[in-house]
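First comes the structure, then the notes that go with it.
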Amino acid sequence: MKEGRAKRLGKVIPYKRSELRSVEIIEGLCAKLSSYGTYKRIPRETQLRKLSEMADSDKADSEQRKRDQGAFERHCERLVEEQEQDIIRAVRAPPPVPLVLGGHAASLTPH
């Protein structure tokens, strides 16, 4: 049998625009919410804020924080599932082309 070089079928897709990268981003997206907690300093408004940036007095107790984080992750997972195709398209799209007009930066996304 004659040895030869294997030939690649199809084109090489850069990792930054690959389906694998899209999947990895989607899988890790909601897990990052574990570093956030509810922040209720403003009356009648609940915000998310990084726990590392909150004073201890502003943090919920550990049981409430666990419940909140579970709720954040479930909500995030629902949103990601609903928007999955849009997220994949955004990750796989070519980067915008920088453009400077009259000294002001803008960007164009090639089609």
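The values are calculated or read from the model by the stated rules, or taken from the named source; none is laboratory data. Predicted model, so just to flag it, every value in this text is computed and none were measured. Ideal geometry is used to build each Cβ from the backbone, glycine not excepted, and the neighbour counts take in all protein chains shown.
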- [ ] For region 38-54, name all the residues that are among the charged types (D, E, K, R) and more than 24 Å from the chain's Cα centre (by Cα).
- [x] LYS40, ARG41, ARG44, GLU45
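Residue by residue, here is whether (1) touching a helix residue (DSSP H, G or I) at 6+ places or on another chain (Cβ under 7 Å); (2) modelled with pLDDT under 80 holds:
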site: SER18; (1), (2): no, no
site: VAL23; (1), (2): no, no
site: GLY28; (1), (2): no, no
site: THR38; (1), (2): yes, no
site: ARG49; (1), (2): no, no
site: SER62; (1), (2): no, yes
site: ASP86; (1), (2): no, no
Open item on the list: Between GLU27, GLU45, which is closer than 30 Å to PRO95 by Cα, of a type in the set (Asp, Glu) and exposed (fewer than 11 other Cβ atoms within 10 Å of the Cβ)?
Closed with: GLU27
- [ ] Provide a single number: the residues in region 25-72 that are in contact (Cβ under 8 Å) with a residue 12 or more places away in the chain and among the small types (Gly, Ala, Ser).
- [x] 6
